[in-house]
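> Dropping a structure here in structure tokens format, bear with me for questions.
The values are calculated or read from the model by the stated rules, or taken from the named source; none is laboratory data. Fair warning: this is a prediction, and the values are worked out from it, not measured in the lab. Every residue, glycine as well, gets a Cβ built from its backbone with ideal geometry; the counts of neighbours run over all protein chains shown. The accessibility values were calculated without ligands, DNA or RNA, using every heavy atom of the protein model including side chains. Shrake-Rupley method; radii C 1.70, N 1.55, O 1.52, S 1.80 Å.
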Amino acid sequence: MEEYLEAIRSRRASIMGRVAAAAERAGRSVEDVKVMAVSKTVDVPQVLAAIEAGYRLFGENRPQELVRKLEGLALVPKLPELRFDMIGNLQKNKINTVLGRATCIHSISSAHLAEAVSARAERRMDEGAMAGPQAVLLEVNVSGEASKSGFEPDELRRSMAELVELRGIRIQGLMTMAPQGDKDIARSTFEGLRELRDELADSHPELDLAELSCGMSEDFEEAVLEGSTLIRLGRVVFDPAFTLK
């Protein structure tokens with residue numbers, strides 16, 4: 001495990017160097033970009049190594065894995081303050097599993113899901129089990145790929161007036177995933193997300209839509225160039241064999 005720790009420490013230094021360089025090219029501060037370690041494919045010992053390497057923000061795709069990781073980490077004394085987000089597709093029957101555990105849900109992909117999360121969060125707030133609304137990001141299918149979930153941009157424009165009225169959620173920004181394999185298309189996708197965010201922020205000034213969750217292992221630099229405030233990195237963090245291109 002010591003060899004693994006040294007590998008991900010070295011990799012983290014490379015990642016942060018690239019994030020800083022991309023931020024500088026974009027005229028941004030590296031402090032404005034959060035780096036999430038997506039721990040969906042690893043176990044608690046690997047997460048502990050990532051914590052020792054310096055990561056504090058983690059993302060899980062499956063509610064049951066979120067629970068398992070949090071329960072495993074709860075047995076470890078003197079850990080620093082950590083944040084776990086839910087970034088994968090969320091089924092309605094798993095909402096209660098995520099509430100109170102995930103700091104932010106990145107994958108609110110429809111008005112129906114937003115309403116369901118809000119209703120269950122409201123119930124918990126009324127019972128005193130939650131102090132406030134659940135933080136969420138709205139997932140947008142900017143690229144239009146049939147295989148991707150999320151609001152279509154026009155659909156989100158039409159839905160925003162209703163979404164902002166939901167008492168149980170606090171919308172903090174937008175999330176998207178780009179098509180794989182072409183960094184130019186990825187950058188265009190991230191640009192589209194930023195432009196949509198800016199438009200929605202203008203039309204709904206009551207909201208703070210500061211968060212843009214986009215950019216993964218193969219395209220995080222393009223995301224930073226286009227304004228991403230949170231990049232979600234899995235293989236590039238946890239797999240020493242993954243090649244940084």
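> Beyond 28 Å between alpha-carbons counts as too far, so tell me which of Lys69/Lys92; Lys34/Lys148; Lys40/Lys92 fall in that bin.
The pairs that break the limit, which is 28 Å between Cα atoms, do not exist here.
> Considering only Ala186, Leu70, Ala210, whose Cα is most displaced toward the positive end of the charge dipole of the chain, charges sitting on Cβ of Lys, Arg (+1) and Asp, Glu (-1)?
Leu70
> Got the relative contact order for the chain handy, in percent, Cα pairs under 8 Å and 6 or more residues apart?
Value for the chain: 20 percent.
> Mind checking the full-extension length gain between Glu206 and Gln180? Use 0.36 nm per residue of separation minus the Cα-Cα distance, one decimal, nm. Provide the component values of the computation, followed by the final result.
Details: separation 26, 0.36 × 26 = 9.36 nm, distance 3.46 nm.
Extra length from Glu206 to Gln180 when fully extended: 5.9 nm.
> At a threshold of 8 angstrom on Cα-Cα distance, excluding pairs fewer than six apart, so keeping six or more, what relative contact order does region 149-215 reach in percent?
Normalised by residue count, the contact order of region 149-215 is 41 percent.
> Enter the accessible area of Ser29 (Å², nearest 10), with the probe set to 1.4 Å and all protein chains included.
Ser29 has an accessible surface of roughly 50 Å² with all protein chains in place.
> Choose one answer from Ser14, Ser149, Ser213: the residue with the largest mean-square fluctuation in a GNM of the chain with alpha-carbon springs under 10 Å.
Ser14
> Please list, in order along region 34-39, the HN-Hα scalar couplings obtained from phi with the Karplus expression 6.51 cos²θ - 1.76 cosθ + 1.60 (θ = phi - 60°), rounded to whole Hz, x for Gly and Pro.
8, 10, 9, 8, 7, 9
> Once the whole set of protein chains is in place, how much accessible area is left on Arg157, using a 1.4 Å probe, in Å² to the nearest 10?
Solvent-accessible area, nearest 10 Å²: 90 Å².
> Please work out the ratio of the alpha-carbon Rg of region 182-241 to 2.2 N^0.38 Å and round it to two decimals.
Relative to the 2.2 N^0.38 Å estimate, region 182-241 comes out at 1.26.
> If you don't mind, another one. If I take every Cα pair under 8 Å that is 6 or more residues apart in region 191-243, average their sequence separation and divide by the length, what percent do I get for the relative contact order?
In percent, rounded to a whole number, it is 29.
> Further, regarding this structure: Cut-off 15 Å, label point 7 angstrom out along Cα-to-Cβ of Glu195: give me the residues of region 203-245 whose amide nitrogen falls inside.
What the label zone holds, given the 15 Å backbone N cut-off, is 226-227.
> Right, here's the next one. GluC sites (Glu not before Pro) within region 93-198: which are DSSP loop residues with at most 16 other Cβ atoms inside 10 Å?
Values: sites: Glu115, Glu122, Glu127, Glu139, Glu145, Glu155, Glu162, Glu165, Glu191, Glu195; in loops: Glu145, Glu165.
Sparse-neighbourhood loop GluC sites (Glu not before Pro): Glu145, Glu165.
> Let me ask something else. What whole-number value in Å² describes the accessible area per residue of region 42-186 for a 1.4 Å probe?
For region 42-186, the per-residue accessible area is 47 Å².
> Share of region 174-216's accessible area from carbon and sulfur, percent, 1.4 Å? Don't jump to the answer; show the numbers that get you there.
On the way: 970 of 2090 Å².
C and S fraction of accessible area: 46 percent.
> Net charge around Phe242, counting only other residues with Cβ within less than 12 Å of its Cβ (Lys, Arg = +1; Asp, Glu = -1)?
Cβ neighbours under 12 Å give a net charge of +1.
> Find, among the GluC sites (Glu not before Pro) in region 1-95, those assigned to loop by DSSP (not H, G, I, E, B) with at most 13 other beta-carbon atoms within 10 angstrom. Write out the running numbers ahead of the final one.
Working: sites: Glu2, Glu3, Glu6, Glu24, Glu31, Glu52, Glu60, Glu65, Glu71, Glu81; in loops: Glu81.
Taking region 1-95 and a limit of 13 other Cβ atoms within 10 Å, the loop GluC sites (Glu not before Pro) found are Glu81.
> If I take R0 = 51 Å and measure r between the Cβ atoms of Ser188 and Ala13 in this structure, what FRET efficiency does the formula 1/(1 + (r/R0)^6) give, to the nearest 0.05?
0.95
> For region 38-119, what is Rg from Cα atoms divided by 2.2 N^0.38 Å, rounded to two decimals?
Values: Rg = 13.2 Å, N = 82, 2.2 N^0.38 = 11.7 Å.
In units of the 2.2 N^0.38 Å rule of thumb, it is 1.12.
> Could I ask something else about it? When the chain is treated as a GNM, springs tying every alpha-carbon pair under 10 Å, which of Leu75, Leu233, Leu138 comes out with the largest mean-square fluctuation?
Looking only at Leu75, Leu233, Leu138, the largest GNM fluctuation is found for Leu75.
> Follow-up. Find how much the distance from Asp43 to Gln91 grows on full extension, using 0.36 nm per residue of separation minus their present alpha carbon separation; answer in nm with one decimal.
This chain segment gains 15.0 nm when fully extended.
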